[in-house]
């Protein structure tokens, strides 16, 4: 049986130390490393050793009771949460490590929400119980009140409390218990099923550093987890990581969910087929090659040159969408002696390994921009570029990533007809739910526009981010419908429908109620009652909103929303005036209306008339010569009306 187990936590909760203990007790490693000693098996990268934090989601393999376990040690720092989320998509089970000293912290809630989104059955381990003054019972109560009331204590197996807990949630089990008493096998199988179905979340406690409770937890983990993969079925897999080895080979990490995979097999993905040239099994930074992999295994392969993270292979056509989206962007600064194309080539490799970077080349300003979660990520990127490529780079001050949408419905018309070219596109552009992105529907009849050209319109709408009119920021949260269009058997050429589609979109935006969006945090703050006035004042000054505060003993809880721009550095201020005794949880809460639209428009200074990649002006042809028709006159000139 193959089981993929993810280890997740807020930074410094003891996640890597916990993982090292599992590997040690299953005879995978001879020495238990520590992050602070720079000798842990899973944090093998030089940068991880130097910084003492996990940055990359690396895996270890061990066997226990006839099962093969793949454990993925994920980053705990919020700046590297996209790496953590990419690993979640292939987990069979997850273990959230919570420090008994600190309790639930900001990133813990983010981890929990992502695991629920991907329906990953979850265990908890309350760590650091050896510290003086810690109380696992109170931490368990906090988990139940903050995350889920369906968390049960499995530290002492089937005691009276656990029996009552399960019986409350399974009437059949309760009736059996009343009729014939306690049957351990039945209760274990029921608990295993309830865990698998995300109805129950088991919790234990101990100390990873002092090796307390680890073996007992492993025994329970083994008895309460199960997987079933069909190796005799058709091949299907999912890509969860991309790396490049020391020889520059692109290495694609896969989770096989069906069938088998052999060296020299041909694999289909994204409408292309490539041949597998090598299959590797990684544990830490070392690997061994194998001729075949079967369903349930995590392997790395060479030979796939274009597969990207989240792609499905074989019959698994689904592509995973990720929630951890950077809200900052920064300009890459480098020495003029290095050619920009060489810098861009290196960053494109990094972009394949971390697609959340969304490396962007600004042709007009001749600049490279990266999207990031925070300043720690930029510091790490500097080290990675120097170590891997030998370049010294730095980054400009991170700036908020704004987006734009519309507040009404408009028709957009685009026509492109210089001499010997022809394409016309009509779009309906409607406002959509916040944080829904761009969606597309098609009601165009094939009699008006061929299916191939209809597909071209859709392709051009999704081939890149499109600019809004207020600041040139990315357009989002719109539903676009292709109404009709026209091509020409002789004069329509490649690129004509790109021109017509872009112009139709832009022409529609010219008539729309354009809205600027900014990223928000959902926050939860816990402070002593004496500080409530200061906190509420700070939230209001930061253009945030909050729900009625809730009292809990001497403390008060405040929940609400606040712009990232005004709160991204608040944690330092908060720690200072609370003297480290309060808690501040900031979870990315999507985009919403910008609180200072006019100020941002003035600051960014975008000129919609001077955007080299976009125009709302259509091109028509008369007497063998093309001429422009400006957006406010374009509708009347269209051929399809």
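Each value in this text was obtained by applying a stated rule to the coordinates, not by laboratory testing. Everything numeric in this text was worked out from a predicted model, so none of it was measured. All Cβ positions, glycine included, derive from the backbone under ideal geometry; neighbour counts span all protein chains shown.
How many angstrom separate the Cα center of the stretch 257-303 from the Cα center of the stretch 463-531? First find each Cα centre; the distance between them is then 38 Å. In this label model, residue 333 and residue 546 are separated by 3.7 nm, measuring between points 7 Å along each Cα→Cβ vector.
Would you mind getting me the FRET efficiency between residue 554 and residue 65? Use the beta-carbon distance for r and R0 = 45 Å, nearest 0.05.
Numbers: r = 47 Å, r/R0 = 1.05.
E(calc), rounded to 0.05, equals 0.45.
Just want to confirm a number: the relative contact order over the stretch 509-641, from Cα pairs under 8 angstrom separated by 6+ residues, in percent.
Numbers: 160 pairs, mean separation 37.7, N = 133.
Computed value for the stretch 509-641: 28 percent relative contact order.
Placing R0 at 35 angstrom, the Cβ-Cβ distance between residue 215 and residue 571 gives a FRET efficiency of 0.40 after rounding to 0.05.
When each of the peptides 204-210, 183-189 is scored by how many other beta carbons lie within 10 Å of its residues on average, the order from highest to lowest is 204-210, 183-189. Among the listed options [x] 27.6, 95; [y] 27.1, 90; [z] 25.3, 84, the one matching Rg and Dmax of the Cα atoms in Å as calculated from these coordinates is [x].
Taking every DSSP beta bridge with both residues inside the chain, roughly what % is antiparallel (nearest 5)? Before the final figure, lay out the partial values.
On the way: 98 of 130 bridges.
Around 75 percent antiparallel, to the nearest 5.
A simple spin-label model places pseudo-atoms 7 Å from Cα toward Cβ; at residue 285 and residue 383 they are separated by 1.2 nm. Just check the stretch 236-314 against the gyration tensor rule for me: Cα atoms, a ≥ b ≥ c as the square roots of the eigenvalues, rounded for a/c under 1.5, and otherwise prolate or oblate depending on whether a/b exceeds b/c. The shape class here is rounded. Would you please state which residues of the stretch 87-121 a label at residue 25 would reach in this model, taking the label point 7 Å out along Cα→Cβ and a backbone N cut-off of under 15 Å? Backbone N within reach: 95-97. Helix 451-462 and the longest principal axis of the Cα set of the chain meet at an angle near 60°. Computed per residue of the chain from DSSP H runs no shorter than four, each worth -39500 (n - 2.57), the mean residue ellipticity at 222 nm is -8500 deg cm²/dmol.
Residue 446 to residue 363: FRET efficiency via 1/(1 + (r/R0)^6), r the Cβ-Cβ distance, R0 30 Å, to the nearest 0.05? List each step's numbers first, then the result.
Details: r = 36 Å, r/R0 = 1.20.
Rounded to the nearest 0.05, the efficiency is 0.25.
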